[in-house]
Amino acid sequence: MAVDYEKEGRIAIMTINRPEALNALNMDVRRELNEAMIDFRDDPELWVAIITGAGDRAFSAGADIKEFRPGAIEEPKGVEIVSPDQIWKPFIAAINGYALGGGLELAMTCDIRIAAEHARLGQPEINIGFMPGAGGTQRLPRFVPRAMAAEILLTGQRIEAQEAYRIGLVNKVVPLDQLMPTAKQYAETICQAGPLGVRATKEAMIRGYNMTLQEGLKLERELVNRVRSTEDFMEGARAFAEKRPPDYKAK
Ligand code: COA
């Protein structure tokens, strides 16, 4: 398997598993990752996903350069293609080494990014006569100060994990042996909360990003009304009043 897909309670763990090629994203990885994401989205038992890479060298060194062919990129036909930022359950990227090109672009579609100290991040596509093609030119300038985005995109140079933290590209930098425990801690914290409220919050944040403030507030109101009519909303309030932990059902 090019992607290991495990379920630990409410947490899904997707591990890109081509360490010999620095977890480069070939067709098998893309297909299996897409299938895992669809399963995660549709499995009511799963609330949070973690994406990481096998081994200690790379999260992913990007698109598989050895599969490159001239001509336009063919989108697979008749297959539903999903992305973490189109799924309202949260995704955490555990960056265990290089996150380059499509690897960094994948990490940027996740909601929270934790990096190991030795991780290096970058968009080196221009160095091989190409350009970022999985959202890098659009997401990076929205995530970090514009001058830093321009530097990363136009020099193709890698930045260190601490620099990525300094510019707000990753949430936390930890020693490698703390990477998965930290990602799981984040996931478990999120799983303590009402899952429908979490998902509506992510949906409001992402869909609202390109709206005017007024449109975004209208969207928030619609989602608030939806969450207020759920069983979990009442359970949260009851548990608070009764001083006991809530028992959320995602209903
Ligand atoms: N696609 C296909 N194979 C890749 C790859 C990629 N994006 N990145 C690394 N690999 C392969 C290498 O070809 C090598 O395979 P080999 O052992 O069969 O020769 C193996 O992974 C290890 O990589 P190597 O380059 O030997 O490691 P390194 O420590 O010398 O360098 C990098 C590490 C990340 C600096 C270097 O691999 C690199 O620049 N990769 C390409 C990154 C990139 O441009 N990504 C954007 C693609 S659009």
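Annotations for the structure displayed:
Quick grid of which residues meet (1) free of Cβ contacts under 8 Å to residues at least 40 places away in the same chain; (2) open to solvent by 80 Å² or more (accessible area, probe 1.4 Å):
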| position | (1), (2) |
| --- | --- |
| 189 | yes, yes |
| 214 | yes, yes |
| 224 | yes, no |
| 227 | yes, no |
| 248 | no, no |
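- Tally, over segment 141-159, of residues that are in contact (Cβ under 8 Å) with a residue 24 or more places away in the chain, open to solvent by less than 30 Å² (accessible area, probe 1.4 Å) and assigned to a helix (DSSP H, G or I): 2
- Single match in 182, 201 (criterion: under 19 Å from residue 41 (Cα atoms), at pLDDT 95 or above and part of a helix (DSSP H, G or I)): 201
- Options 138, 162; residue that is away from the ligand (no atom under 14 Å from the Cβ), open to solvent by 70 Å² or more (accessible area, probe 1.4 Å) and within 30 Å of residue 193 (Cα to Cα): 162
- Conditions (1) in contact with a Pro (Cβ under 7 Å, 6 or more places away or on another chain); (2) within 14 Å of the ligand (Cβ to nearest atom); number of the one not met by residue 56: (1)
- Subset of segment 107-125 that is within 9 Å of the ligand (Cβ to nearest atom) and in contact with a helix residue (DSSP H, G or I) (Cβ under 7 Å, 6 or more places away or on another chain) - its residue that is nearest to residue 185 (Cα to Cα): 122
The values are calculated or read from the model by the stated rules, or taken from the named source; none is laboratory data. Bear in mind that the values here come from a model prediction, so they are computed numbers and not experimental data. With ideal geometry, Cβ positions are generated from the backbone for all residues, glycine too; neighbour counts draw on all protein chains shown. Side chains included, ligands, DNA and RNA excluded: accessible areas come from the protein's heavy atoms. Shrake-Rupley method; radii C 1.70, N 1.55, O 1.52, S 1.80 Å.
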